[in-house]
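The values are calculated or read from the model by the stated rules, or taken from the named source; none is laboratory data. Just so it is clear, the model here is predicted, and its values are computed rather than measured. Cβ sites come from the backbone with ideal geometry, for glycine too, and all protein chains shown count toward neighbours.
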Amino acid sequence: MRILYGILIVAIIPILSCSASKAVYKSQYAGQERGEIKSLSEADIAELKNGRGWGLAKAAELNGVPGPAHLLEMKKEIGLNAEQIEKIERLYQTMRNQAIPLGIKLYGSLKSSSWHKVLGYRVHIPSNVIPSNLG
């Protein structure tokens, strides 16, 4: 009988500790489900509407190709001259002028659930993949 109690205790303790740890965990996305667009934080929406990077330049920068905004941020450190700064500022302004309307359009499409129209395609999900209680 003692062996049975020992086995039960060994089996139950991990289950209880998992349950307790789940109650403590808080996702970094907690609260976004109540936002205007579930997949975007307020900061994401501001980035889109204002033509800022939204973190998409990270991969390029990590591979040694920083974008114009980051070049301007470190112009002293990398020794840019006045002509280079002027050219980069023009490039940055051109990019931003294009990014703002696109960001607003994407935001509007996400808000109205017509993102596939902006991206130019629609993903087809076969009906047998969707659980019957959702379809």
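Quick notes on this structure:
- Residue within the range 90-97 that is out of contact with any Cys (no Cβ under 6 Å at 6 or more places or on another chain), in a loop (DSSP other than H, G, I, E, B) and modelled with pLDDT of 70 or more present: no
- The sole residue among Ala69, Ala59, Ala82 that is surrounded by 11 or more Cβ atoms within 10 Å (Cβ to Cβ) and small (Gly, Ala, Ser) is Ala69.
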